[in-house]
Amino acid sequence: MSEPLRPIEWTGSAIRVIDQTELPGRLVRIDLETVDALVDAIVRLAVRGAPQLGAVGALGVGLAMVQGQREGWQADRLGAEIDRIRAARPTAVNLAWGVDRVRPLVERGADSVLAEAVEIVAEDERTNHEIGRHGADWIQARVPGKVRVLTHCNTGALATTEWGTALGVIRELHARGALEVVYADETRPLLQGARLTAWELAQDGIPHFVQADGAAASTILRHLVDVAIIGADRIAANGDTANKIGSVGVALACHDAGIPFMVAAPESTVDMATPSGDDIHIEMRGDEEVVNWGGVRTAPLGSRAHNPAFDVTPARLITAIVTEDGVLEPGLGQVPASRVASAAR
Ligand code: MRU
């Protein structure tokens, strides 16, 4: 295995990130020194993935404070800039979670905020390894021999702070010598699977195929895989899960084929304030991502695009939700809400 990839760093004056729009061609790190630069990086998916958005959201509060001191902002300007970071993308709850976790520390100064934000980065790394172990244990208890996995979008180090969530489970299986192959959906329209997941798998020498999103259902129904593992952007209180567009199709095929469909995510992705998937705000993105290919118009001029960035998989289609705390089986009626209720009893 190659050296761990750590895509997020606080330099003392900037958030240093990998510009993911350049991958797999070039590994370029950029320094985000202003709130404008951070929001732009989030919107154009230079930084992305729910847990990574949580980390940069928290660091972003510190960044806003440092910029505000430099430029002599009034207090109300600081509040507005923090709100702008929090709202840069709506679906992944982790972004708001990261901002909200450090915001109470603002009155204590930038150093306190940044210390907590740096702790969030370290915590996410530890969390991912826990998720990986729980997920791999659950799969190995059910799938004999080497495991063939289908995954969708990118949930690796590039979507987190190191290791990954769904890709962390895959990495853990590989480290245990229990992984046969990964089918990585290319993930239209922005190709997080083909560009980013395949890049991470190749870096680690993990055998994989990239397949068109349209191949996923057939791969599952032909029993070419033993399990599908995805990440999450928001898990509602009833277990309904928002993730990259195309995820629910994978879940439906798994349900039909009797293959486990696993969601791997940190507890920070569980949003108890959102009762069900119906209440999740799905980000809609621009037409140009769908009607063009490689900068060239492919759909007729005048055709509009339907471009939701995420979909919602109902809890009943999810076999297992894996967090750092363990595994829930929504298909058997276990949902985050009932766990919280039973913990409180
Ligand atoms: O639009 P993106 O690339 O930010 O979407 C990312 C996903 O949907 C991931 O699957 C999710 O955030 C989990 S990342 C560990």
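Please state which one of Leu45, Leu38, Leu32, Leu27 is surrounded by fewer than 20 Cβ atoms within 10 Å (Cβ to Cβ) and either under 16 Å from the mean Cα position of the chain (by Cα) or under 26 Å from Trp73 (Cα atoms) (or both).
Details: Leu38 fails: surrounded by fewer than 20 Cβ atoms within 10 Å (Cβ to Cβ); Leu32 fails: surrounded by fewer than 20 Cβ atoms within 10 Å (Cβ to Cβ); Leu27 fails: either under 16 Å from the mean Cα position of the chain (by Cα) or under 26 Å from Trp73 (Cα atoms) (or both).
Residue meeting the stated conditions: Leu45.
Return the residues of the stretch 258-296 that are under 21 Å from the mean Cα position of the chain (by Cα) and among the small types (Gly, Ala, Ser); say none if nothing qualifies.
Listed by number, the residues that qualify are Ala264, Ala265, Ser268, Ala273, Ser276, Gly277, Gly286.
Can you tell me which of Glu123, Glu116 is under 26 Å from Leu45 (Cβ atoms) and more than 15 Å from the ligand (Cβ to nearest atom)?
Glu116
Anything in the stretch 289-326 that is aliphatic (A, V, I, L, M) and under 20 Å from Val250 (Cα atoms)? List them, or say none.
Within the stretch 289-326, Ala309, Val312, Ala315, Leu317, Ile318, Ala320, Ile321, Val322 meet the criteria.
Here is a list of conditions, (1) within 13 Å of the ligand (Cβ to nearest atom); (2) in a loop (DSSP other than H, G, I, E, B); (3) over 16 Å from the mean Cα position of the chain (by Cα); (4) of a type outside the set (Phe, Trp, Tyr), and Leu224 meets all of them except one; can you say which number that is?
So Leu224 meets the others, but not (1).
Which one of Leu114, Leu150 is under 26 Å from Leu252 (Cβ atoms), in contact with a helix residue (DSSP H, G or I) (Cβ under 9 Å, 6 or more places away or on another chain) and not aromatic (Phe, Trp, Tyr)?
Matching residue, one of Leu114, Leu150: Leu150.
Is it the case, given these coordinates, that Val248 is modelled with pLDDT of 95 or more, more than 18 Å from Trp138 (Cβ to Cβ) and out of contact with any helix residue (DSSP H, G or I) (no Cβ under 8 Å at 6 or more places or on another chain)?
no
Restricting attention to the stretch 21-49, and to residues there that are hydrophobic (A, V, I, L, M, F, W, C), out of contact with any Leu (no Cβ under 8 Å at 6 or more places or on another chain) and assigned to a helix (DSSP H, G or I), which single residue is farthest from the ligand (Cβ to nearest atom)?
Ala37
Being of a type in the set (A, V, I, L, M), within 16 Å of the ligand (Cβ to nearest atom) and either outside any helix (DSSP H, G or I) or in contact with a Ser or Thr (Cβ under 9 Å, 6 or more places away or on another chain) (or both) narrows it down to one of Ala96, Ala88, so name that one. Break it down stepwise before answering.
Values: Ala96 fails: either outside any helix (DSSP H, G or I) or in contact with a Ser or Thr (Cβ under 9 Å, 6 or more places away or on another chain) (or both).
Every option except Ala88 fails the conditions.
Can you go through Val327, Val335, Val322 and tell me which one is in contact with a Gly (Cβ under 6 Å, 6 or more places away or on another chain), closer than 22 Å to His129 by Cα and assigned by TED's automatic domain parsing to the domain that holds Gly168?
Just a single option satisfies the conditions, and that option is Val322.
Looking only at the stretch 326-344, decide whether some residue is under 24 Å from Pro51 (Cα atoms), within 16 Å of the ligand (Cβ to nearest atom), surrounded by 15 or more Cβ atoms within 10 Å (Cβ to Cβ) and touching a residue at least 24 places away in the same chain (Cβ under 8 Å).
No, that holds for no residue.
Got at least one residue in the stretch 295-309 being touching a Leu at 6+ places or on another chain (Cβ under 8 Å) and over 17 Å from Pro51 (Cα atoms)?
no
Within the stretch 194-215, identify whether any single residue is under 28 Å from Gln334 (Cα atoms) and at pLDDT 95 or above, and answer yes or no.
The answer is no; no qualifying residue exists.
The values are calculated or read from the model by the stated rules, or taken from the named source; none is laboratory data. Since we're looking at a predicted model, the values are computed, not measured. No Cβ is skipped: glycine too gets one built from the backbone with ideal geometry, and neighbour counts run over all protein chains shown.
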